[in-house]
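Structure first, commentary second.
Every number here is computed from the coordinates shown, using simple stated rules; none is lab data. Because the structure is a prediction, the values reported are computed rather than measured. With ideal geometry, Cβ positions are generated from the backbone for all residues, glycine too; neighbour counts draw on all protein chains shown.
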Amino acid sequence: GNSVTQMEGPVTLSEEAFLTINCTYTATGYPSLFWYVQYPGEGLQLLLKATKADDKGSNKGFEATYRKETTSFHLEKGSVQVSDSAVYFCALRGSGNTGKLIFGQGTTLQVKP
Amino acid sequence: GAVVSQHPSWVICKSGTSVKIECRSLDFQATTMFWYRQFPKQSLMLMATSNEGSKATYEQGVEKDKFLINHASLTLSTLTVTSAHPEDSSFYICSARGGAGPSPLHFGNGTRLTVT
């Protein structure tokens, strides 16, 4: 079945450091890929998405490229801020368009000033 | 943007009692709602999919008689944890979408259930 694997956290960085959170997936067909962010005490928010191979999703300085050849969707940001501290979830939605999302285990990011 | 309201945000109940969690779409009609469960430091696990006016579809391993889901209107779905036990303590999150196909999902803020 479909699955998503994320790098384990927590990831601790200093402000303005470069961020990479790895995400790989297993799926049949052509899934859509997502990154969600959960700030402390809040619900999940969509950060970015990509719906087909080689698409790059971007938002708020974060980027991720849908790599079918490596089945990856790594999240990157060139310069993190303290306000980026949150839990990040990689997710996929299968090509059946049922709307069901399969989530990775989440990666906690802590950015220190 | 679209808002999904989940209530209560936290609840403590005694073992053996039932707890109802509400999930409302505030500014759109949610044809489909999803219920997730999140264990500490773990991922969100899909429990069930509910479509307005029909029975919920449960994921494998989820007890439908224990986790009752009702989606009686286009703006409200409820999850009732029946005869709760300490092992049901968890964070429950709902999400909703307004249409079929690539319609975006909107998440509630979650409900922290603690069963004593």
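Grab the beta carbon distance between residue B:83 and residue B:51, set R0 = 22 Å, and tell me the FRET efficiency rounded to 0.05.
0.25
Which entries in the list B:20/B:55; A:112/B:41; B:14/B:55; A:100/B:55 go over 26 Å, if you measure between the two C-alpha atoms of each? Could you put the intermediate results ahead of the total?
Numbers: B:20/B:55 17 Å; A:112/B:41 21 Å; B:14/B:55 28 Å; A:100/B:55 16 Å.
Beyond 26 Å: B:14/B:55.
What percentages, rounded to whole numbers, describe P(r) for chain B computed over all alpha carbon pairs with 5 Å bin width beginning at zero?
2, 13, 23, 26, 20, 10, 4, 1, 0
Mind listing the phi-derived Karplus ³J(HN,Hα) values for the stretch B:73-79, rounded to whole Hz, using 6.51, -1.76 and 1.60 with θ = phi - 60°, and x for any glycine or proline?
Once rounded to whole Hz, the list reads 9, 6, 10, 9, 10, 10, 10.
Within 10 Å of each Cβ in A:99-107, how many Cβ atoms from other chains are there, averaged over the peptide?
Details: counts 16, 8, 7, 4, 7, 2, 5, 5, 0.
Mean partner-chain Cβ count within 10 Å for A:99-107: 6.
What is the average number of partner chain Cβ atoms found within 10 Å of a Cβ in A:46-56?
That works out to 1 on average.
Quantify how strongly other chains surround peptide B:89-97 by giving the mean number of their Cβ atoms within 10 Å of each of its Cβ atoms.
Partner Cβ neighbours, averaged per residue: 1.
Can you compute the label reach from residue B:73? Point 7 Å from Cα along the Cβ direction, backbone N cut-off under 20 Å, restricted to the stretch B:8-40.
B:8-9, B:20-35
Within 10 Å, Cβ to Cβ, of residue B:30, how many net charges do the neighbouring residues add up to if Lys/Arg are +1 and Asp/Glu are -1? Each step should come with its number before you reach the end.
Values: positive: B:24, B:97; negative: B:52.
Net local charge, residue B:30 excluded: +1.
Mind listing the lone cysteines of the protein assembly as shown, meaning no other Cys beta-carbon sits under 4.7 Å from theirs?
Cys with no partner Cβ under 4.7 Å: B:13.
Among the aspartates and glutamates, which have Cα under 16 Å from the Cα of residue A:49 when same-chain residues fewer than 8 positions away are ignored?
Correct list for residue A:49: A:63, A:76.
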